Amino acid sequence: MTISDDNSLLMIPGPIQPEKQVLAEMGKPVRVHYGPEFTQIYKETIAMLKPVFGTQQADVFLLVGPGTAGNDAAIGSALSSGEKIIVGVNGFFGERLKLIAENYNLQVITVASAWGTPLDPQSFADAIRSHPDAKAIAVVHLETSTTILNPIVEIGQLAKQHGLLYIVDAVSSLGSMAFDMDGWGIDLCVSATQKCLGALPGLAPIAVSPYAWEVIDRNPNKGHGFLLNLQTWRYYTNEWSDWHPFPITMTAHTVMALRAALISLQTEGIENRQERYRRLALRLREGLRRIGLPPFTPDDLMTPVITAGCAPQGVPAGKLVAYLSEEHHIKISTGLGPLRDTIFRIGHMSPILTETEIDWVIHALSKFQGV
Ligand SMILES: *Cc1c(COP(=O)(O)O)cnc(C)c1O
């Protein structure tokens with residue numbers, strides 16, 4: 001059973017409750033974060049991540065920090081103040097990408113859709129036509145705030161047709177669905193360890209394509225500092241390759257935890273894991289329909305790892321969330337922004353979740369009396 005420190009079932013849209021052997025890594029004595037032994041572990045961990053990203057050609061780094069650090073490094077390393085970037089915005093994390101770009105003094109061209117609807121590739125085509133000087137496109141894959149999956153393959157085709165750098169925030173999707181970074185033309189792909197990768201908060205894996213390096217190396221702007229500059233990470237990977245292939249004290253515990261999570265993923269098989277998640281998502285959606293709290297998204301837009309349900313008419317989602325926490329010790333979450341009151345979100349991105357927990361949350365929701 002998936003019990004957190006206050007004995008509750010953690011089903012928020014990240015962080016997840018990791019598997020026991022992943023948690024166990026965090027309680028082990030501190031180890032030396034350099035030298036041949038740890039360097040080998042670090043490189044093996046990166047090698048295990050590459051098939052999850054769906055890349056053979058990209059360089060992968062484990063930036064220390066939250067997923068946002070990865071998005072910050074991607075945008076800040078590749079673009080110079082004043083350059084134009086087209087950013088897809090249809091939820092909180094799209095807004096966040098936009099803020100990051102604005103804070104680097106980029107000219108941001110926003111391609112928006114309403115919160116709760118997917119981004120429209122045609123709007124990107126229009127934006128590219130109106131802004132032929134744009135350098136990059138940035139989009140969120142799974143918009144965690146609304147549970148909407150964006151059409152990153154179609155948007156990527158446009159980016160490639162027009163020679164634009166393509167940045168994808170896959171923080172809440174990577175690991176849970178088939179992902180083909182190379183085939184989809186993604187140049188900078190960002191994730192985080194506390195969601196579908198099955199580990200704890202603390203690392204932001206980022207994959208950098210050969211074309212991304214071209215763009216980064218062309219960028220004359222050094223305004224983005226040192227730690228979140230991808231050139232810094234490449235430098236240490238190359239120059240200190242055999243003993244300390246990163247620029248800082250690597251958070252060895254979080255690397256060990258990620259490694260344990262990836263071993264579990266490999267052992268189950270990436271496709272088996274993803275199929276298992278899909279089946280659990282279908283079971284949850286079916287259960288929500290049965291108890292009259294139907295899923296917020298249509299089935300053809302379903303995500304395998306986060307499901308939003310519609311709160312009962314006139315009842316703010318916060319009441320349902322509080323009820324589940326207080327009466328059933330299940331932690332789920334409300335919507336965000338304009339959807340805060342109307343949807344509740346259930347995260348099921350942990351490998352320890354089974355039919356039992358899915359049925360438990362449906363049962364608990366079915367007992368809600370409203371008002
Ligand atoms: C969780 C999340 C982030 C932010 O991750 P942090 O680790 O909190 O910085 C970014 N984008 C998406 C899509 C997310 O779900």
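Counting neighbouring beta carbons within 10 Å and listing from fewest to most, the residues 20, 160 come out as 20, 160.
Each residue of region 331-337 is assigned a 3J(HN,Hα), and the resulting list reads 9, 10, 9, 7, x, 10, x Hz, derived from the Karplus form 6.51 cos²θ - 1.76 cosθ + 1.60 (θ = phi - 60°), x at Gly and Pro. Taking other C-beta atoms within 10 angstrom as a stand-in for reagent exposure, 117, 303 fall in the order 117, 303, fewest first. For the chain, the antiparallel share of DSSP beta bridges with both residues in that region comes to about 50%. Each of 30, 108, 171 was scored by other Cβ atoms within 10 Å of its Cβ. Arranged with the fewest first, they read 30, 108, 171. 3J(HN,Hα) along region 107-121: 7, 9, 9, 8, 10, 9, 10, 4, 4, x, 10, x, 5, 10, x Hz, from the Karplus curve 6.51 cos²θ - 1.76 cosθ + 1.60 with θ = phi - 60°, whole Hz, x for Gly and Pro.
Other residues lying with their Cβ under 10 Å from the Cβ of residue 259 contribute a combined charge of -2, Lys and Arg counting +1, Asp and Glu -1. Put simply, the amide H of residue 63, placed in the peptide plane, has neighbours under 5 Å in 204, 206, leaving out anything fewer than 5 places away on its chain. Residues of region 92-136 with an amide N closer than 18 Å to a point placed 7 Å from the Cα of residue 214 along the Cα-to-Cβ direction: 133-136. Per-residue 3J(HN,Hα) values for region 60-77, derived from phi via the Karplus relation 6.51 cos²θ - 1.76 cosθ + 1.60 with θ = phi - 60°, read 10, 10, 9, 5, 8, x, x, x, 4, 4, x, 5, 4, 5, 5, 5, x, 6 Hz in sequence order (x marks Gly and Pro). Shown is the FRET efficiency for residue 43 and residue 283, computed with R0 = 25 Å from the Cβ-Cβ distance and rounded to the nearest 0.05: 0.05. Distance from the Cα centroid of region 209-261 to that of region 1-73 is 16 Å (rounded to whole angstrom). Computed about its Cα centre, the charge dipole of the chain is approximately 360 debye, with only Lys, Arg, Asp and Glu carrying charge at their Cβ. Measuring gaps between exposed loop sites in the chain (chymotrypsin sites (Phe, Trp or Tyr not before Pro); DSSP loop; at most 10 other Cβ atoms within 10 Å), the longest gap, sites not included, is 1-225. Near the amide H of residue 86, within less than 5 Å, lie the amide hydrogens of 109, 135, 136, 137, 138, all on another chain or at least 5 residues away, with H placed in the peptide plane. Taking amide H as placed 1.01 Å from N in the peptide plane, the amide H of residue 330 sits under 5 Å from that of 9, 325, each at least 5 places away or on another chain.
Values quoted throughout were computed directly from the atomic coordinates according to the rules given, and no laboratory measurement underlies them. Keep in mind that what you see is a predicted model, and the values were worked out from it rather than measured. Please note: Cβ atoms are built from the backbone with ideal geometry, for glycine as well, and neighbour counts cover all protein chains shown.
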